[in-house]
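I have placed the structure first, in the form of structure tokens, so that the comments after it can refer back to it.
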Amino acid sequence: MTSRILTFGILTASIFLTGCSTTNSSIAEKKMLKCAATGGAVWGIPGAVHGLATGGASLAAGALVAGVACATDNEYADNDVLPVPGIDGTTVARFNINSAHLDGNSKTALDSFLKDRMKDRLIIIGHTCDLGSKTYNKTLSEKRANAVKAYLVNKGFNPERVKILAKGEDQPLYSNTSDENREKNRRVEIIIQD
């Protein structure tokens, strides 16, 4: 009986975790999975200590509560979001170190993006690598996002339809262990809000 309850709890948590990982937003995906797993551990471990019969139920409840909390705390949750295909995944612009200057490849990617998107609402997210202080990188990531916004506005995009987020070095796509990875992390991403 105890093993069936524990198995049910783990199965329920696994199903919920799988649901979290299929969200539309690839950015929110990792956050929700991490929150649901943390919730399962936070509720499940004390439950298992209390008794195996409640451990499975606590694990499932923790994953459910934490996953729902993450879903409602999603900064992109105003509406459905769609990632914008770009240079690499959702990246539409890459930058040299210590720069917010758009190069030719980035401008080409943005021009291609604009063709059918003039009426959309956008979230433009600036990122940096880990070189420099957190404060400096946060400011630089905002300058990068604003450079993309300025380019789009210059091409006729409505500035009222753009939200800027500056993530600094907090959301690298790749570990900052090489110059090549750092270069990939110096980027701007765009998400479309439906």
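The values are calculated or read from the model by the stated rules, or taken from the named source; none is laboratory data. Everything numeric in this text was worked out from a predicted model, so none of it was measured. Cβ coordinates were reconstructed from backbone atoms using ideal geometry, including for glycine residues, and neighbour counts include every protein chain displayed. Areas reflect the complete protein model, heavy atoms only, side chains present, ligands, DNA and RNA absent. Shrake-Rupley method; radii C 1.70, N 1.55, O 1.52, S 1.80 Å.
Just the residues that are open to solvent by 10 Å² or more (accessible area, probe 1.4 Å), closer than 11 Å to Ala100 by Cβ and not polar (S, T, N, Q), please, taken from the stretch 123-148.
Those that are open to solvent by 10 Å² or more (accessible area, probe 1.4 Å), closer than 11 Å to Ala100 by Cβ and not polar (S, T, N, Q): Leu140, Glu142, Lys143, Ala147.
Being in a helix (DSSP H, G or I), in contact with a strand residue (DSSP E or B) (Cβ under 9 Å, 6 or more places away or on another chain) and among the basic types (Lys, Arg) is the filter here; which residues of the stretch 101-151 pass it?
Hits for the stretch 101-151 are Lys107, Lys138, Lys143, Arg144, Lys149.
On the basis of being open to solvent by less than 70 Å² (accessible area, probe 1.4 Å), closer than 18 Å to Ser99 by Cα and over 14 Å from the mean Cα position of the chain (by Cα), does Asn158 make the cut?
no
Got a sec? Which of Asp116, Asp103, Asp120 is over 15 Å from Gln171 (Cα atoms) and surrounded by 14 or more Cβ atoms within 10 Å (Cβ to Cβ)?
So the residue among Asp116, Asp103, Asp120 that is over 15 Å from Gln171 (Cα atoms) and surrounded by 14 or more Cβ atoms within 10 Å (Cβ to Cβ) is Asp120.
So Ala93 passes all but one of these: (1) assigned to a loop (DSSP other than H, G, I, E, B); (2) open to solvent by less than 70 Å² (accessible area, probe 1.4 Å); (3) at pLDDT below 90. Which condition number does it fail?
(1)
Mind counting the residues in the stretch 161-180 that are open to solvent by less than 30 Å² (accessible area, probe 1.4 Å) and without any contact (Cβ under 8 Å) to a residue 40 or more places away in the chain?
The qualifying residues number 0.
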